[in-house]
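Coordinate-derived values only; no laboratory data. Owing to the predicted nature of the structure, the values given are computational and were not obtained by experimental measurement. Cβ sites come from the backbone with ideal geometry, for glycine too, and all protein chains shown count toward neighbours.
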Amino acid sequence: MREFAKQWNKNKYPYMFIAPAVLLLVVFSIIPIVIALVISFTNMDLVGLADYSNIRGVGFDNYIRIFKDPVFLKALFNTFIYVIVGVPLVVICAMAVALLLNYGTSWLFKTFRVIYYMPSITNIVAVAVVWGYLYNGSYGLFNYMLSWFGIPAQQWLQDPTLAKFSLILLALWKAIGLNMIIFLAALQGIPRSYYEAAEIDGATGWKKLRYITVPLLSFATFFVTITTLIGWIQFFEEPFVMTKGGPLNATMSLALFIYNNGFKLSNFGYAASGSFVLFVIIILATIVQFAVRKKEVEY
């Protein structure tokens, strides 16, 4: 015991420094996760919230019901579409913009960096108002531009298929800025000597991009892919503000499905089970990404 006290007095300072962060993590993350997990095995609703004696354990019934729920299955499919289409687009577009803006040092290039970054810090409600006018079926700018080419007006947010891709376009526009900054930081960390050596060997611009720039951006690409993937799996703000999940649940995401059941229908147990399904999907997707990254590093 005396030896333990001596070791504690010697090594206590690192633990004291991390204690506030660990305490916040436990109180605001770990404990709520455990409580939500317990709630997911109950029939908790507003009545149960008012009187705990009305709460009953239902075992795995919530999880069984949720995989039979057509709205949940539709939300799962929509989220899959969002991820498959949105994540590659964000990574490719953010990298392309970063490449275009990396080597310019004039005020014009700096201005464009600010312009591309601004959407990522703009409030989603303000964005939704502006894009609502752009998507308007009667007098929206997008339909006006289509009229130049003789293409009939489109119902951007009313057509079940088109609405999904309309939200993807909005989210892509909003996500490019932050990821562009990450790619810019990575690009500026690549030594210029690599390119000079390649130029001496007669490498063209395309070969320098393919064999130097893209490989040396692999870690930044991995980071952007992981964070973007998690963000798109939790796709919520855009369908919530723009379409409320409609039309015909065509834009319903998993996160919006959980919100509707938890905060609109007050089915807290059912919503909690959906949140843990979402949690497992995020964990599995992240593990797959790390496994792929590990294999790439080994090769």
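Observations on the model:
- Ratio of the Cα radius of gyration of segment 131-218 to 2.2 N^0.38 Å, where N counts its residues: 1.72
- q = 0.32 Å⁻¹: log10 I(q)/I(0) that the Debye formula gives for segment 193-237, counting C-alpha atoms only: -1.03
- Span-rule helices in the chain, defined as complete DSSP H runs reaching 30 Å or more along the axis (Cα) with Kyte mean at least 0.5: 70-102, 160-187, 268-298
- Sites LEU108 and LYS294, calculated FRET efficiency, Cβ-Cβ separation with R0 35 Å, nearest 0.05: 0.25
- Near THR42, the amide H atoms lying under 5 Å from its own belong to VAL58; only residues 5 or more places off or on other chains count, and H is placed 1.01 Å from N.
- Neighbour counting of Cβ atoms within 10 Å sorts the residues ARG293, ARG56, ARG192, ARG65, fewest neighbours leading, into ARG192, ARG56, ARG65, ARG293.
- The Rg/Rh ratio for segment 186-290 is 1.26, where Rg is the radius of gyration of the alpha carbons and Rh is the Kirkwood radius.
- Cut-off 14 Å between beta-carbons: net charge of the residues surrounding MET180, Lys and Arg +1, Asp and Glu -1: +3
- When LEU157, LEU284 are arranged by Cβ crowding within 10 Å, least crowded first, meaning fewest neighbours, the order is LEU284, LEU157.
- Where a label projected 7 Å from the Cα of ALA198 along Cα→Cβ would reach, residues of segment 75-97 with amide N under 17 Å: 95-97
- Taking the number of Cβ atoms within 10 Å of each Cβ as an exposure proxy, the fewest-first ranking of PHE72, PHE80 is PHE80, PHE72.
- Under the Debye formula (equal points on every Cα, no solvent term), log10 I(q)/I(0) of the chain at q = 0.12, 0.13, 0.14 Å⁻¹: -1.01, -1.10, -1.18
- Restricting attention to the chain, lysine pairs at least eight places apart or on different chains and with alpha-carbon atoms under 16 angstrom apart total 5.
- In a reduced charge model with +1 at each Lys and Arg Cβ and -1 at each Asp and Glu Cβ, the chain shows a dipole moment near 560 debye about its Cα centre.
- Options THR79, TYR195, LEU141, ranked by Cα towards positive dipole end of segment 46-198, top entry (Cβ charges): TYR195
- Environment charge of SER273, counting only residues whose C-beta is closer than 14 Å and scoring Lys/Arg +1, Asp/Glu -1: -1
- Across segment 240-299, C-alpha contacts under 8 Å between residues 6 or more apart give a mean separation that, scaled by the residue count, equals a relative contact order of 19 percent.
- Taking every Cα-Cα distance in segment 72-112 and sorting them into 5 Å bins from zero, the calculated P(r) comes out as 5, 21, 15, 14, 11, 10, 9, 8, 5, 2, 0 percent.
- 13 Å beta-carbon shell around ASN102, net charge (K/R +1, D/E -1): +4
- In order along segment 46-56, the phi-based Karplus estimate (6.51 cos²θ - 1.76 cosθ + 1.60, θ = phi - 60°) of 3J(HN,Hα) comes to 5, 5, x, 5, 6, 9, 4, 5, 7, 7, 10 Hz; Gly and Pro are listed as x.
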